[in-house]
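Novice: Quick one: this structure, given as structure tokens, is what I'll be asking you about.
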Amino acid sequence: MTDVAPEQLLELPTEALHQLPPHRVLALIQELCRRWGFYGQSLTLRHEGAEYVVACQENAFAVYRRLAVAATPHATPGWPVCLVTRDHIIDECTPPFEEKDYFACHLGLADWLTLIQQACGAD
């Protein structure tokens, strides 16, 4: 696959994203997050009644689903649903996954980037 512009990540199917080197995908996501104004910070999103925390930093981009229970001061219960590091791209649309998993949001990396773009009011 030829070089990809940051905006193209929102259009690529999951299979195509996973063909790119993870370190390149992370760099492209970091560029998008800088443009959208939340690089180095966290962003809270709601999707289909669930709450997610998104963070993009030097070493990783992560989307973390929060459980709807009171958190302790030391932790927020939940689990990662999307993670991009220099070495890996992992999301709920990457096999293997359970079609009938009640807790799965079934969103891939491009889906998350689109939701983040909309939440930031970016073009």
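The values are calculated or read from the model by the stated rules, or taken from the named source; none is laboratory data. What you are looking at is a predicted structure, and each value in this text was computed from that prediction instead of being measured. Every residue, glycine among them, receives a Cβ derived from its backbone with ideal geometry; neighbour counts consider all protein chains shown.
Novice: As an exercise: evaluate THR14 against (1) over 15 Å from LEU109 (Cβ atoms); (2) among the hydroxyl-bearing types (Ser, Thr, Tyr); (3) touching a residue at least 24 places away in the same chain (Cβ under 8 Å) and give the number of the one condition it does not meet.
Specialist: (1)
Yes/no matrix, rows are residues, columns are (1) in a loop (DSSP other than H, G, I, E, B); (2) among the hydrophobic types (A, V, I, L, M, F, W, C); (3) surrounded by fewer than 15 Cβ atoms within 10 Å (Cβ to Cβ):
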residue	(1), (2), (3)
ALA16	no, yes, yes
ARG24	no, no, yes
LEU28	no, yes, no
LEU43	no, yes, no
ARG46	no, no, yes
GLU51	no, no, no
PHE61	no, yes, no
ARG65	no, no, no
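Novice: I'd like the full set of residues that are more than 12 Å from GLU11 (Cβ to Cβ) and buried (at least 21 other Cβ atoms within 10 Å of the Cβ), limited to the stretch 109-123. Before the answer, list the steps.
Specialist: Start the filter on the stretch 109-123 by keeping residues that are more than 12 Å from GLU11 (Cβ to Cβ), which leaves 112, 115-116, 118-123.
Listed by number, the residues that qualify are TRP112, ILE116.
Novice: Could you grab the pairs with beta carbons closer than 9 Å, sequence gap of 6+ or different chains, first residue in the stretch 110-123 and among the hydrophobic types (A, V, I, L, M, F, W, C), second one surrounded by fewer than 16 Cβ atoms within 10 Å (Cβ to Cβ) and assigned to a loop (DSSP other than H, G, I, E, B)?
Specialist: Filtered contacts from the stretch 110-123: ALA110/GLU11; ALA110/PRO13; ILE116/ALA122; CYS120/GLY37; ALA122/GLY37.
Novice: Counting only residues that are in contact with a Cys (Cβ under 8 Å, 6 or more places away or on another chain) and either without any contact (Cβ under 8 Å) to a residue 12 or more places away in the chain or hydroxyl-bearing (Ser, Thr, Tyr) (or both), how many does the stretch 30-51 have?
Specialist: 1
Novice: I need the full set of residues from the stretch 67-101 which are surrounded by 12 or more Cβ atoms within 10 Å (Cβ to Cβ), modelled with pLDDT under 90 and of a type in the set (S, T, N, Q), in order please.
Specialist: THR76, THR94
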